Structure formats: C-alpha cells, structure tokens
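Have a look at the structure below before the remarks.
The values are calculated or read from the model by the stated rules, or taken from the named source; none is laboratory data. All values derive from a computational prediction rather than experimental measurement. Reconstructed Cβ throughout: ideal geometry from the backbone, glycine too, with neighbour counts over all protein chains shown.
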Amino acid sequence: VRAAREPATVDPVARLVVDVSLAHLDRPFDYLVTEAQSAAAQPGVRVRVRFAGQLVDAVVLSRHAGSEHDGRLSFVERVLGSEPVLSTEIAALAREVADRWAGTLPDVLRLAVPPRHAATERAAGRPRPAARAVTTATLDRYDGGDALLAELADGAPRVSWAMLPGDWPGELASAVAATATAGRGAIVLAPDARDVARLDHALRSVLGDGQHVVLTADLGPAERYRRFLAVSRGDVAVVVGTRAAVWAPVHRLGLIVVWDDGDDLYAEPRAPYPHARDVAVLRAHRVGAGLLVAGHAVTAEAELLVESGWARQLDPTPAALSRDRPAIRVSGTDDELEQDAAARAARLPTRAWRTAHDGLRDGPVLVQVPRRGYQPGLACAACRTPARCAHCGGPLARPAADRAPVCRWCGVAATAWRCRACGSEALRAVVVGVRRTAEELGRAFPGVPVRTSGAGSVTANVDGRPALVIATPGAEPTADGGYTAALLLDGWIPLSRPDLRAGEEAVRRWLAAAALVRGSGAGGRVVLVAPAELRPVQALVGWRPRWYAGRELEERRLLHLPPAGRMAAVTGDAPVVADFLRAVDLPGTAEVLGPVAVARPAAGAGATPVDRAEALERMLVRVPRTDGADLAAALKAGLAGRSARKATGLLRVELDPAVVG
Ligand SMILES: [Zn+2]
Ligand SMILES: [Zn+2]
C-alpha cells in the first residue's frame, strides 16, 4: 500500500501534453506533482502519468498554483530525469503546426522531439567556443547579395533566393557564418543526405570544426539524442539536417535556410503531414528570425511569399547569369534523328548527339533519363500542353487503355474537352516509349566509358575525365570541374505526369541537372529534348525560374490551388470518406471534388502500385487562402468527432499535399 501523496507546496499543478494521439483529447491535462518531484518537473521535462488506465509518456508544459479542472487531479507517476526537451517556443510552434494541418499536438511533438535516451542524458555536454568565420564567399553574383550578408548579422531578412550553378553550398554557408559570428543560431535544411553532406562540408570550411551538428534520420537513437541535447542545451548554435531539423531547439535563432524547397522529401509522411518549408516560414515569423528559401528553381510557394510582400527576391546579376549558366538549346521531339546508326538506335536527335559528342572531347557528359513508373497522362494532340479537367482544373488520365479519359481529382469524364492553350479538341495519350538502355546510349559513343547512377545505386561524384554519365533525376553525380555538356532526354514524360506540380517538378529537375554543367563562359552546353513551345521548356532555356514560378502561381490562383488557395485531400475507405465530409461543417466557399479511386497510401514516402482490391477513395476540398484556417478547424473537429465515437475505417486527412496525382 502506497503512502498518501501530498502535493508540492509551490505550484503543485503541472499542465501536461500527454502522448495520446486522439483528436478529441488534443488539449493539455492537469496533474499534481509531489514536493519530491517538484524541483525536477519543470516545463519541458518528460514525465509518466496514468491516463485512461494506461501508463503513458507526457511532457510538462507549465506549472500552476491551481487548476481550472473541477474534479480531483491525479498525481504524476514518475519524473523522467530533469532535462527540459521542449522549450516554450517549440511547444507553441508545434501547437500552431497541429492546428494548421488539422493534426494533434502529440503527433507533431513526435516529429519534433526525439525519443529519450537516458544514458546520453546523463553524459555532460561540452559548450563550443563562439563561432569565428574562417573564410566566407562573397554573394556578389546576386543583386543585393552583399547587402544581405551585412543584414544577417542583426536583422531578419526573408528572401526567396534563385541560386546560380556553382558554389551554392559555400554561398549558403557564408550566410550562416554572417549570422553565427554575430552570436545567433541558424538552421540549414536540405532534402536528402547528399545535400546535407555538401552543406556540412561547406559549413566546416567556413566555421571550422565543432561549430555545427548534423541532424538526419539515419543517426542511431543515442547519437541523434546526443546531438539534439547539444542544441537544446545551447552548446552548439548551428544545425544542418533533413526535414525534421526544422524543429531543432536552437537558441537565439537568427536564420533558417531551406535549400531546394520544391523537393517533395520536405513533405512529412507521418501525420499531420506538415511541409518543412511551411513550418520554417511559421517558425521564422514567430521568433523574428531571417529565412532564406533557396534553390536553382523557385516554387510557387516561395513566389507567393514575395508577391505577398512578406519576403523579397534575390536574383542573379545579368552578368553572372550569362557567365555561370550553361547554354541551353531545345531539340524538338520531331527533329531529325542523327544519321549515325548507333545514335539512331538510341533515338538521339542530331543536335543532342553532336552536343554530347563534342563535350566528350573535354570531360564528362551527363545524360538525364526520366524515371519510369509514372502513370501516363494525357496531353493536347496539337500542342502537347498537359490536359486539364474543364470542370476543376485537375489532371486527366485514362483509367484503362479502353476507357474514356477521367479527371484524377473530381472523377468527371472528359467528354467535351478543349485545350485551353490552342483550342484543339483532340487528346492523346503520352507515349512513354521504349526505355533507352545504358547499353544503347553507350553504343552511340563508342570507346567512351559509361557510368550509371539511379535509385538503386547513387554515385556521388565523378572525376573530370571523359565519360558518359547516365542518371535518373535526383541521382546525378557532381563532376569535378563540371560536366562539359548534358542531355535531358524525353522531356515530355515528366511533364505529362498527371499531377498539379508536374511542370514545376520538371523545371526543378532540369535546372538541377543543368546546374552541374560548366557555365556558358567555359563552354558548357545543354540540350533538352522536349516540345519547345511548352512553358516549362521555355523556363529552362531562358533560365527563368522566377518568371516560371510567377506564371505557375497565377494559374493556381485561378483554380484556388495551393499555395494560392488551400486544399485538403481526404482519403480512405469509400463510405468513410463520404460520411466524414457530410458531417464536417465546411466553410461556405469550400468546393468538394470527387470521389475518385486512388492507391492505398504507403506507410512511408512515395506511392505503392495499385492493387485494385485495395483501392481507396479520395475527395478533395479546396477553399480560398483566407478560409484555410476555417477549413483546417472544421476538418479537425470532424476528426475529433470520429475519435470520440471510436469510429472505425481508414481515413487520412492531408492539408496542402505536396503531390496530388
Ligand atoms: Zn493544345
Ligand atoms: Zn475535374
């Protein structure tokens, strides 16, 4: 029999966030602490409590003299150490993120705070000396670049930065150094381990050893927790990492950098599916920190930050642009194939073959081939503009070869379709064609070594000797001294993917590959094989990422699509989805599209092939941006109702999903 416990004399009430992910219980709960627990149970510290009969984890949010709760309060069972792992800043940000994405606070905290590792907690930290920049790059390739560096010491610039090919890791590291040497903290986000490694290297050369930590998902639990503690204790002020690093509890945060924010790896695959760039925007706004959204491409989201006046743009000077970008030409899809028999077998147009052939005299040549596995979309037969639904603007696709085209969003059959670009009434399926093999491409350039890099095995870097380097998008190795040339093949394939972001994604992938090629001043050349008149193709040829983002945003504004509007995807078992949306009190402006059949969402990132028996239904809800908070609140209330009723059946609610195919 346990002795009766007495509450602490000062502030005996601990307000807790309890790790129970039920929407109707998404609020703080009050518990009592004893005198013995009182000193350790400070805000941010982990505890164990009884909740609905179970022993569960919780974190102290705050301490109070009394409670507004009427009933008798339970005591905290145990206090787990005395390490504060949740600052008031992160707790408030997590609450905002939960509300914005119709999720629960415990779900968001699971993304933000790594699991406890008690032995690591007991080990003492080691404060690092103050940062002193060793060497920094200038930002004089950009209009206002050096003014930005000066401002980073004590200001909070918010910038959409269209970066040139070349030393982008060094330029971003310089921005971080300007912040860190002024005694402020910084977070640098990159989509994957390869880019994190580049930034890690650049930060080390600018800041010296021991001034920053890398936070990625593949660290073991002890190491991840050790680095997290180094940040939360204030021993280290600069963090570089993948999407979860946006939550790093950096002290005196002065800057967040998001590199290549169009990469869908920034979309969290766990509920409530927040996007790291959008979390970075909220966090920078909340604490008054600077934000650099940087990339070779500019997303519609970044452009909206500029158009709304919240951020400004940072673009290359005309001289730096013409020097540092490669010369880019288009080879139309109907252009003549090269006469050379081997090149003809590889279906290489003359211009592409000659460019590669010449480039191979001086160094490596990159060949980007689209990844397979896209569901083929539909395009205008006359002008090849991707076909969109007349009713809702969604992408069209043929569910089966013998079936009529149907909208992937609203499910309406496209019976009287007309091209918005040219007025033609003829649709054509995008022919994916036979895959060009590495062997085939290699035979077109006899005597040249062929290297490949793809999803299965990614090569990080190649040396400067002549070689044909065949890679899928995102797997392109860097080349010492830069590629002499690049061929971007089958450009209509990524463009025809039936997805809202197909064009933006194609431009991003092409710019990323072209950025690995020497500047035009050094003879670098790129050939894109695609229909020349399409807007994404023009964006690449003119190296006009901001112009493209502006057009993209304008189009999404007309269709109330993110980021101009907000959209929710509600996916689940067929009757569940319809019942859920019927019960939700949606804003008056809400437009409900669907249902359509979709593949069962995979547990992790990316989609799995559709098993017909497992197909789910999806409905989309879109509203103007001003009603976004109301939409999220309505969906959250609907989820709370379901959770209170213990309703069964699969249901997933995703706000502003990165990919809507
Ligand atoms: Zn057309
Ligand atoms: Zn439609």
- Kindly indicate whether any position in region 293-302 is out of contact with any helix residue (DSSP H, G or I) (no Cβ under 7 Å at 6 or more places or on another chain) and assigned to a strand (DSSP E or B). yes
- Going through region 454-466 in order, the residues found to be surrounded by fewer than 20 Cβ atoms within 10 Å (Cβ to Cβ) and out of contact with any helix residue (DSSP H, G or I) (no Cβ under 9 Å at 6 or more places or on another chain) are G454, A455, G456, S457, T459, N461, D463, G464, R465
- Query: Would a scan of region 415-433 turn up a residue that is touching a residue at least 60 places away in the same chain (Cβ under 8 Å), of a type in the set (D, E) and away from ligand 2 (no atom under 16 Å from the Cβ)?
  - Reply: no
- Those residues of region 199-217 which are in a helix (DSSP H, G or I) and without any contact (Cβ under 8 Å) to a residue 60 or more places away in the chain, in sequence order: D200, H201, A202, L203, R204
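Give region 390-410 a look and list any residue that's near ligand 2 (Cβ under 6 Å from one of its atoms), of a type in the set (A, V, I, L, M, F, W, C) and closer than 15 Å to A502 by Cα, or say none.
Matches in region 390-410: W409 only.
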- Message: For region 642-661: of the residues being within 30 Å of S496 (Cα to Cα) and outside any loop (DSSP other than H, G, I, E, B), which is farthest from the chain's Cα centre (by Cα)?
- Response: L651
- Task: Could you tell me which residue of region 226-240 is farthest from the chain's Cα centre (by Cα), considering only residues that are hydrophobic (A, V, I, L, M, F, W, C) and assigned to a loop (DSSP other than H, G, I, E, B)?
- Result: V236
- Counted residues, region 121-166 - those being under 29 Å from L516 (Cβ atoms) and in a loop (DSSP other than H, G, I, E, B): 17
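Can you tell me which of R325, R361, R371, R347 is more than 14 Å from ligand 2 (Cβ to nearest atom), on the phi > 0 side of the Ramachandran plot and not aromatic (F, W, Y)?
Working: R325 fails: on the phi > 0 side of the Ramachandran plot; R361 fails: on the phi > 0 side of the Ramachandran plot; R371 fails: on the phi > 0 side of the Ramachandran plot.
None of the others qualify; the one that does is R347.
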- Residue list for region 115-164, filter: among the polar types (S, T, N, Q) and closer than 29 Å to V59 by Cβ: T120
- Task: Could you check P169 against (1) free of Cβ contacts under 8 Å to residues at least 60 places away in the same chain; (2) part of a loop (DSSP other than H, G, I, E, B) and say which number it fails?
- Result: (2)
- Message: Regarding region 241-260, can at least one residue be identified that is over 20 Å from A202 (Cβ atoms), under 16 Å from the mean Cα position of the chain (by Cα) and in contact (Cβ under 8 Å) with a residue 12 or more places away in the chain?
- Response: yes
- Cβ pairs under 8 Å, 6+ apart or interchain, first in region 581-610 and within 23 Å of G641 (Cβ to Cβ) and modelled with pLDDT under 90, second among the aliphatic types (A, V, I, L, M) and part of a loop (DSSP other than H, G, I, E, B), ordered by first then second residue, are P601/A607
- Task: Give region 77-98 a look and list any residue that's in contact with a Pro (Cβ under 7 Å, 6 or more places away or on another chain) and surrounded by 15 or more Cβ atoms within 10 Å (Cβ to Cβ), or say none.
- Result: P84, S87, I90, V97, A98
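Run down G411, G456, G393 and say which single residue is closer than 18 Å to V660 by Cβ and either within 16 Å of ligand 1 (Cβ to nearest atom) or under 26 Å from the mean Cα position of the chain (by Cα) (or both).
G393
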- Note on the structure: Counted residues in region 523-541 being in contact (Cβ under 8 Å) with a residue 60 or more places away in the chain and not in a strand (DSSP E or B) come to 10
- Scanning region 299-326 for residues that are surrounded by fewer than 23 Cβ atoms within 10 Å (Cβ to Cβ) and of a type in the set (S, T, Y), which turns out nearest to A284 (Cα to Cα)? S308
- Item | Number of the condition not met by S74 [criteria: (1) surrounded by 18 or more Cβ atoms within 10 Å (Cβ to Cβ); (2) in contact with a Lys or Arg (Cβ under 9 Å, 6 or more places away or on another chain); (3) small (G, A, S)] | (1)
- Which residues, counting only those in region 480-522, are free of Cβ contacts under 8 Å to residues at least 40 places away in the same chain and not in a helix (DSSP H, G or I)? D480
- Over region 481-505, the set of residues at pLDDT 95 or above and hydrophobic (A, V, I, L, M, F, W, C) is A485, A486, L487, L488
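Can we say D335 is of a type in the set (D, E), assigned to a loop (DSSP other than H, G, I, E, B), under 25 Å from G661 (Cβ atoms) and away from ligand 1 (no atom under 16 Å from the Cβ)?
In short, no.
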- Item | Count of region 394-438 residues which are at positive phi and either modelled with pLDDT under 85 or outside any loop (DSSP other than H, G, I, E, B) (or both) | 1
- Task: Kindly indicate whether any position in region 354-367 is modelled with pLDDT under 95, closer than 30 Å to R465 by Cα and crowded, with 23+ Cβ neighbours inside 10 Å.
- Result: no
